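Shown next, in structure tokens, is the structure this report addresses.
The values are calculated or read from the model by the stated rules, or taken from the named source; none is laboratory data. If you're wondering where the values come from, they're calculated on a predicted model, not measured in any experiment. Glycine also receives a Cβ, built like all others from the backbone with ideal geometry; neighbour counts cover every protein chain displayed.
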Amino acid sequence: MKTIIFIIISLIFSLKIQAQTTIATTTISVKGNCDQCKERIENAADIKGVKNAKWDEKNKIATVTYDTKKVTLEQIEKAIAHAGYETASQKANEEAYKNLPSCCKYQTGDCKKK
């Protein structure tokens, strides 16, 4: 009898733990040009609740894994926009954009690869 009760309690706790999984992975379109942009975008997305952020220079896509209980997608996009990079739903902070190195000014397309 004690064994059955123990198994039932264990089953209930394991189901509860599985139901609390709140990790999501999504992609965000982020304008940028180069390796410097990659570093800045990934660092900007590294806020509390974000587990991993990787920006693909070729496709201009950031893949972000985050805890939905700690941070929203909108907060992540706002953090990226605050660093001067435009996302699909957030305009870049103008002052931050002006302070980007000339190579990172994606609006002009002046990045020259070496």
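For the range 27-36, give me each residue that is surrounded by fewer than 23 Cβ atoms within 10 Å (Cβ to Cβ) and under 9 Å from ALA62 (Cβ atoms).
THR27, ILE28, SER29
Hey, can you tell me all the residues within the range 1-46 that are under 23 Å from GLU74 (Cα atoms), modelled with pLDDT under 90 and not hydroxyl-bearing (Ser, Thr, Tyr)?
First, the residues of the range 1-46 that are under 23 Å from GLU74 (Cα atoms): 20-33, 37-46.
Right, trim to modelled with pLDDT under 90 and you get 20-22.
Once the filter is applied, which keeps residues that are under 23 Å from GLU74 (Cα atoms), modelled with pLDDT under 90 and not hydroxyl-bearing (Ser, Thr, Tyr), the range 1-46 yields only GLN20.
May I ask you to verify whether GLU39 is surrounded by fewer than 15 Cβ atoms within 10 Å (Cβ to Cβ) and either under 13 Å from the mean Cα position of the chain (by Cα) or of a type in the set (Asp, Glu) (or both)?
Numbers: surrounded by fewer than 15 Cβ atoms within 10 Å (Cβ to Cβ): yes; either under 13 Å from the mean Cα position of the chain (by Cα) or of a type in the set (Asp, Glu) (or both): yes.
Answer is yes for this residue.
So for the range 81-91 (the condition being aromatic (Phe, Trp, Tyr), buried (at least 18 other Cβ atoms within 10 Å of the Cβ) and farther than 21 Å from THR25 by Cα), does at least one residue qualify?
Taking the range 81-91 and keeping what is aromatic (Phe, Trp, Tyr), we get 85.
From the residues that got through so far, the ones that are buried (at least 18 other Cβ atoms within 10 Å of the Cβ) too are 85.
If we keep only those that are farther than 21 Å from THR25 by Cα as well, we get none.
For the range 81-91, residues aromatic (Phe, Trp, Tyr), buried (at least 18 other Cβ atoms within 10 Å of the Cβ) and farther than 21 Å from THR25 by Cα: absent.
Cβ-Cβ below 7 Å, separation at least six or inter-chain, first residue in the range 71-97 and outside any loop (DSSP other than H, G, I, E, B), second among the acidic types (Asp, Glu) and at pLDDT 95 or above: which pairs?
THR87/GLU77
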